[in-house]
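As structure tokens, the structure follows; a few thoughts come after it.
A short reminder: the numbers here are calculations on the coordinates, not readings from a lab. Everything quoted here is computed from the prediction, not taken from an experiment. Every residue, glycine among them, receives a Cβ derived from its backbone with ideal geometry; neighbour counts consider all protein chains shown.
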Amino acid sequence: MTRLTEQQQRAFVVSEARSYIGTPYHNCADIKGVGIDCGMLLRNVFVDTGLVPAFDPRPYPADWHLHRSEERYLGFVFDRCSEVTAPQPGDVTIFKIGRCYSHGGIVTNAAPLTIVHAYHPARRVVEDEISRDAFLSDPVRKPRIFSFWQTTQQRRANGLEGGVCAPLGK
């Protein structure tokens, strides 16, 4: 199999994310066209494109972010990506909702920042320009951007094999 360039991988991630548009929102679900939530969308896209080994962050209650301060969502992003300041297509953006970071999507356009995400208010997977969404563009959401490719470059620079992400619970 031919190894894809970073730009090809990013385009593949965006294409796969967009293939979920219209899938109904359903907590803890992970089936394209049937039901998915934002965390499982991120997981499915990166696993199904072959960039990340399979892992399963479930179970988690629908309202965990309202009652706990544990950065569970941020944890499974941190395990696989590094924070960056300038988004690129294929990167992950996360938002603080409730007491912790608990919503995310895949960047499809850097300017204006646009993401594909399983969005509970929309009841489905949508592609949204963040500046047009009053809820997500509110500064209290404190959006952060993470890149799988930044981590891969750092691992390769440190002489680690393959640049693949760590499984959950390392």
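Worth pointing out:
- For the range 1-60, the relative contact order is 25 percent, taking Cα pairs closer than 8 Å that sit 6 or more residues apart in sequence and dividing their mean separation by the residue count.
- Segment ARG3..ALA110, full-extension length gain: 36.0 nm, with 0.36 nm per residue of separation and the alpha-carbon distance subtracted.
- Charge tally in the Cβ shell below 14 Å around ALA86, where Lys, Arg are +1 and Asp, Glu are -1, ALA86 excluded: 0
- Note on GLU83 and ARG99: the model spin-label points, each 7 Å out from Cα along the C-beta direction, lie 2.1 nm apart.
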